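In what follows, a single structure is set out as structure tokens and then discussed.
The values are calculated or read from the model by the stated rules, or taken from the named source; none is laboratory data. Keep in mind that what you see is a predicted model, and the values were worked out from it rather than measured. With ideal geometry, Cβ positions are generated from the backbone for all residues, glycine too; neighbour counts draw on all protein chains shown. These accessible areas exclude ligands, DNA and RNA; they are computed on the full protein's heavy atoms, side chains included. Shrake-Rupley method; radii C 1.70, N 1.55, O 1.52, S 1.80 Å.
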Protein chains: 4
Amino acid sequence: MPVRVMSYDTINPGDTRDFAVKLAQLEPSRISRLALLVKTEGNSDLNDFSREYALLAAEQTIRAHGGDSLLARSTFLFSTGCEGAMTPFGYLFADYDDPAATVPAGGKSLAMGCARSRSLTSEEIGTPAHAEITAATVRAAMANAGVSVDDVELVIVKTPVTTHIPAAAGKVNKRIPSSYSKAVASLGAGMELGEVDAAKIVQEVFDKDHAVHAKRVMSFSGSELDCVEIMLLANRTNQPGDLVVKTGFLTDLIDAPGYRNILRTCGCQLDEEGRAVDPDKIVAMMAKVGVSPDGKLRGKRTTMKTSHLDMDKHARATTSGVIGSILGSCRVFISANTVHQAPPGGGLCAAIVKIT
Amino acid sequence: MPVRVMSYDTINPGDTRDFAVKLAQLEPSRISRLALLVKTEGNSDLNDFSREYALLAAEQTIRAHGGDSLLARSTFLFSTGCEGAMTPFGYLFADYDDPAATVPAGGKSLAMGCARSRSLTSEEIGTPAHAEITAATVRAAMANAGVSVDDVELVIVKTPVTTHIPAAAGKVNKRIPSSYSKAVASLGAGMELGEVDAAKIVQEVFDKDHAVHAKRVMSFSGSELDCVEIMLLANRTNQPGDLVVKTGFLTDLIDAPGYRNILRTCGCQLDEEGRAVDPDKIVAMMAKVGVSPDGKLRGKRTTMKTSHLDMDKHARATTSGVIGSILGSCRVFISANTVHQAPPGGGLCAAIVKIT
Amino acid sequence: MPVRVMSYDTINPGDTRDFAVKLAQLEPSRISRLALLVKTEGNSDLNDFSREYALLAAEQTIRAHGGDSLLARSTFLFSTGCEGAMTPFGYLFADYDDPAATVPAGGKSLAMGCARSRSLTSEEIGTPAHAEITAATVRAAMANAGVSVDDVELVIVKTPVTTHIPAAAGKVNKRIPSSYSKAVASLGAGMELGEVDAAKIVQEVFDKDHAVHAKRVMSFSGSELDCVEIMLLANRTNQPGDLVVKTGFLTDLIDAPGYRNILRTCGCQLDEEGRAVDPDKIVAMMAKVGVSPDGKLRGKRTTMKTSHLDMDKHARATTSGVIGSILGSCRVFISANTVHQAPPGGGLCAAIVKIT
Amino acid sequence: MPVRVMSYDTINPGDTRDFAVKLAQLEPSRISRLALLVKTEGNSDLNDFSREYALLAAEQTIRAHGGDSLLARSTFLFSTGCEGAMTPFGYLFADYDDPAATVPAGGKSLAMGCARSRSLTSEEIGTPAHAEITAATVRAAMANAGVSVDDVELVIVKTPVTTHIPAAAGKVNKRIPSSYSKAVASLGAGMELGEVDAAKIVQEVFDKDHAVHAKRVMSFSGSELDCVEIMLLANRTNQPGDLVVKTGFLTDLIDAPGYRNILRTCGCQLDEEGRAVDPDKIVAMMAKVGVSPDGKLRGKRTTMKTSHLDMDKHARATTSGVIGSILGSCRVFISANTVHQAPPGGGLCAAIVKIT
């Protein structure tokens, strides 16, 4: 089944008008799976509830379009933080039954797979078991997409920071830091993809030995879930559709050539200023960027780790300038924190492009 | 007299160790004028005193090197806000008596001129008189530099937001907004440069008719001064030295070609990724960038005018990514707010480059 | 019909579990009117959407309890900002058909009235017409409550900052500042209560002549509404119930005796430390506090108007300490900005107390 | 030698005009020791340099008054954070040779003692050795003041978070969190005062077993020092002067009776509203307040630990309201974080009052 990728704008986190317009183009019964990848605005601090607000509003819209059954076939990744020149917006992915879609000349096109683990116990969270469960869920998502490890371009992981199981009397449920949960899940996903040695799935490596990292994984944590959720993008053989996805590395925050290489790999042309010649062909771009441990960039001091603003805000805003000057648009999905997803200070980016 | 341009790093706003090292390379008696152009870190809000701290520390260092007389020959422009990947640092400009310096082949090289107006009265501030005084001070700075209007590339204006003259009994001195003071001063400076029609120096235009703007002016306001100060950069005929300065426009926040054009005008080469081939030749880069009145960028909504962070922070951070991906360094002077200094949403940038 | 006043806790802005528990105690068919007065947490800046999130969640809960018809009988006042030691929570007011309720000995008890104006046009907003409409809506709310001006203790006004009517081609709807909208509405409500001279309902007074003010009005602005909404609290003759409401003035932010006077007026006893002896009798407390125009408190400089935090945050946090040390609880409704609702720098507070 | 205590106002952190006026009242040769206890404004986050700025300005003023030798006899404790209604200001303490001073009737009055440890090595910092050094420095300060443990009312500790000794090649100096440094130092000082069992000076207790705490210690950390500094206040027998100091506990953030008890102990009268009858007799008040580990206050949720603002800001602002409503002034020294200085969630306060 071909994957449709659309994008929609928002006036505020609770605004679903454009989302509803785009959703209306898809007949509910023909949507076998829906996935939303959304950047919401808000202060992106502890008391930012824009993500939860956006989710509640999106669920209402999906229910209005296809009832509880469509909602049950939906996966959500809402990420806060639209600093710099970023545009708050959403990507809508749908496995859509379109008999007219054909397999492209190259024989491969975009496929999507989703999977969800069982609930983690308070004891498991943040441990090697957490990583193993992530690996198993990636495996399930690959099966769901009908692809093998070599086909996979991007594994988007949602990982819990706490469990929702009522705590035992007199006890408080363990809550691990967001960064730590991403660390464990990234290593688990990387192991399944053959990028991380199974021997590294130990407490001593988690959020410590940052040289160990996955290569096609972006991890996000959520306090609202108690399980691991995977949304996987791959290029599948004999898949009908007109899209292809490619992922590549970024050496640091201002690695413009890194982004350009990814676009070239997808078949995009760049002009003599290094800008995409046909940006409309790029239907989605997802970047995850990091700050080096010493807070420096190319040997020079920055204030990213020593200001009143969290370093992720500096990183996202800076990246909006880098990508914006290549695409001519800051309406792309930019997120920060690449613990065990890239070498320290580095990042990764995936692009989904139309095959001409 | 040739102009020396050096740069120095800081560990915090009060750190002057590297500044002292650079200053030590100049013999006090041969410095006819010293000017500092510095980016300080801090929260860049009302209660950010990092600029005053940095100034106090710099004054101590200058006094230690050349006494009160060197301090009297010094001009300061400290600007807060190092968001994104920017490096806090300073540029040191000196008119330096160097008999070995020769006039370059092209016949022109960098010259500097400085001037200061008398104190403004509380009645004058924010009025056409304020603009006229700015114009006259620009004229004085041109005379000081020994250049004509056509030679001028950049006029850096420091303009007051209040007067320091004791208020009359029962009265409070007028205080105008920072943006308004920059507006008035920018128009005044632009008039002197022949870029702004004298008929536009009226209250109805100030911070209202944003289509009217100067072309080679960057304005900064300061609550610590009650007069207008000018630091002017130009290319003077028969000026000994090995530097040249050029200024150009930016259409918007992600106008990377705009920056590249300025570099090309200065004789810099760019590689196939649009990066400076020899960044060490660029001894200084000063950018001033703006956000469009509707807060959009290339037709897309941003949160720059609707977040808890002032739009200038978003703008500076974004620009650090744009420039950083061209120069391979974010150790450049980036400031925001271009009211009457560029078309709405646009900006300007000056580069000082070594003549090979 | 007696007024029931309950309060409920929240775990986050979207949490309605305790609200649902309290609502379940009321039979939908016997609720003739429901009103929520809620403090939501969030950053309380431009990109704080916690209020909208809380509202969406509360609406779902009301609909689940009593359908769209109960929702149509509901009024909402959600206010952000829980700085200091404040507890995020909500008050639930209900006109509830309770045949067992009797008229208390004094003959008067708490009554509630609500009213909503027609939509304001873009031309009317911020003008004397806006104030007149507010006055008329207060009149309607008094009629709704069955009370006269002398019975009224508190008028809670919700006032628009913009209209939602589609703007004409090429035009943008007028948007006035939040403080200005509160100013206009407060004067209008005060006029209806006989506290503000009708001659003061002119543009020259709005948010300028702060000596003019209402005495029993708290105003809140909302970007989500295009009309004026009133929720009015009064003590009505022959009203069954066991609650009484009283409002009083505060001279400044630390006027603890002002709060104590209000409590004494309501019949509360205070101990030798000035604390409420029986805080459980105080079923609701609503304070609105202001910062003096020069930012000083009792002649001493504060940073309330010169810090990176909005002065309202400083004011609310300080007030949580003042009230908390009297009640032994910071679970009270504290809001800031008293433009035309109290003398400059002053405030007002209403308490609802059980008649023993 | 009697202790003089004066206070001075500031217009901004670098303003020393009122400080200079107060200092001018003391003849340099008669000052045997000077100590400043100052609240500076600023954002109180990582990039707040207002404290360093204020210190640099104060040092210049002291040098201008009494040269480097007076500066060498000076001790500084600058603390940032003036949230709520607090007034930024400073207390000036001086051991001053005043032959006219007499021993008061009670036989005891305020004495001051100061001491400084050797530099800590990178290995010692944060360990039991750090606590032992703090204890020894308290001992030295008692000797300096000429008092015994029973006389001591307040020990103000300044404790390092890092060492300034150049790190070995390829190494970074250890930096411990501010809270941890305060924890270790508080336990060390408490041990010397007989309040903390020596068996508790172990890594397992540091910032973990919060039931263990000192009773007359306020700790502050500073990144600018590599040693422990003590400023100690006591009531000494046969000490000439007219001031007395007393310290007491606060059970939580809104414990107004706690503050009143301390004032009563000092001989202050309170009116029927619980306010100080003669606030001018209170020459100094220093409070240190904490937030309970679960972030609740009297069983109710607050947002102090779950907002975008650090909990210390909420705590200080709340306290300004509590103290302000007792003293009628918010020009007092309020600081937060009471790790091992009070029971969890509690605080302590010292008052210096004139003996009538």
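With protein chains left intact and a 1.4 Å probe, residues in the range B:10-51 average 36 Å² of accessible area per residue.
Need one number: % antiparallel among DSSP beta bridges in the range B:108-233, to the nearest 5. Among the beta bridges of the range B:108-233, antiparallel pairing accounts for roughly 65 percent. Chains C and B: buried accessible surface, both sides, probe 1.4 Å, rounded to 100 Å²? Using a 1.4 Å probe on protein heavy atoms, the buried area is about 600 Å². Chain D holds its axis-closest Cβ, relative to the rotation onto A, at the residue and whole-Å distance D:308, 5. Only protein chains counted, 1.4 angstrom probe. Which residues of the range B:84-118 are at least 30 Å² less accessible in the assembly than when their chain is isolated? Correct list: B:84, B:85, B:87.
Overall, the accessible surface of the range A:1-92 at a probe of 1.4 angstrom is composed of carbon and sulfur to the extent of 50 percent.
Across the range C:108-233, C-alpha contacts under 8 Å between residues 6 or more apart give a mean separation that, scaled by the residue count, equals a relative contact order of 43 percent. Accessible-area loss of 40 Å² or more (1.4 Å probe, protein heavy atoms, chain alone versus all protein chains) is found in the range A:59-83 for A:60.
Cross-link reach is defined here as a Cα-Cα straight distance under 27 Å, omitting same-chain residues fewer than 8 places apart; for residue A:246 the lysines meeting it are A:22, A:39, A:108, A:158, A:182, A:200, A:215, A:281, A:288, A:313, A:354, B:300. Averaging the Cα positions of each part gives two centres, and for the range D:226-294 and the range B:131-147 these lie 60 Å apart. Position residue B:118: other-copy label points at 6.1, 6.4, 8.7 nm, ordered by increasing distance, label point 7 Å along Cα→C-beta. Of A:1, B:311, the residue with the largest accessible area leads and the full order is A:1, B:311 (1.4 Å probe). Electrostatic bookkeeping for residue C:93 treats Lys and Arg as +1 and Asp and Glu as -1; over the other residues with beta carbon under 13 Å from its beta carbon, the sum is +3. Sorted shortest first, the separations between the residue C:46 label point and its copies elsewhere in the assembly read 1.6, 2.4, 2.5 nm; each point sits 7 Å from Cα along the Cα-to-Cβ line.
Among the residues of A:33-44, the average count of other protein chain beta-carbon atoms within 10 Å of the residue beta-carbon is 3.
Given springs between every Cα pair under 10 Å in a Gaussian network model of chain A, which of A:225, A:46, A:110 has the largest fluctuation? Largest GNM mean-square fluctuation: A:46. The separation of the range C:76-129 from the range B:25-91, counted between C-alpha centres, amounts to 56 Å. Residue by residue along D:252-264, Cβ atoms of other protein chains within 10 Å of the local Cβ number 4 on average. Comparing C:41, C:132, C:52 in a Gaussian network model of chain C (Cα springs below 10 Å), the most mobile by mean-square fluctuation is C:52. A Förster distance of 41 Å, applied to the separation of the beta-carbon atoms of residue C:150 and residue C:224, puts the FRET efficiency at 0.80. For the range B:182-265, carbon and sulfur atoms together expose 48% of the accessible surface, with a 1.4 angstrom probe and every protein chain in place. Ligands, DNA and RNA are left out, and with a 1.4 angstrom probe the accessible area of the range C:162-316 is 40 Å² per residue. Using the Cβ of residue B:47 as centre and a radius below 9 Å, the other residues enclosed give a net charge of -4, where K and R count +1 and D and E count -1. Taking each DSSP H run with n ≥ 4 as -39500 (n - 2.57) and averaging over every residue of chain B yields -8500 deg cm²/dmol at 222 nm.
Comparing each chain alone with all protein chains together (probe 1.4 Å, DNA, RNA and ligands left out), the residues of the range A:265-281 losing at least 50 Å² of accessible area are A:273.
Quick one: grab the alpha carbon gyration tensor of the range B:3-96, order the square roots of its eigenvalues as a ≥ b ≥ c, and give me rounded if a/c is under 1.5, else prolate or oblate depending on whether a/b is larger than b/c. Cα axes put the range B:3-96 in the prolate bin.
If you sort the three axes of the alpha carbon gyration tensor as a ≥ b ≥ c, you get a/c of 1.5 or more for the range C:81-137 and a/b no higher than b/c, which makes it oblate. Could you tell me the calculated FRET efficiency between residue A:209 and residue B:278, based on Cβ-Cβ distance and R0 = 25 angstrom, to the nearest 0.05? Taking R0 as 25 Å, the efficiency between residue A:209 and residue B:278 is 0.10.
Amide H to amide H, with H built 1.01 Å from N, residue A:283 comes under 5 Å of A:352, A:353, A:354, counting only residues 5 or more places away or on other chains. When only alpha carbons are used to place a centre, the range C:173-209 and the range D:311-341 end up 36 Å from one another.
Each of the peptides D:180-187, C:268-275 was scored by the mean count of other Cβ atoms within 10 Å over its residues; in descending order, highest first, they stand as D:180-187, C:268-275. If R0 is 51 Å, the Cβ-Cβ spacing of residue D:11 and residue A:68 corresponds to a FRET efficiency of close to 0.20.
Between copies, residue A:107 shows label-point distances of 6.8, 9.7, 10.3 nm, shortest first, with the point placed 7 angstrom from Cα along Cα to C-beta.
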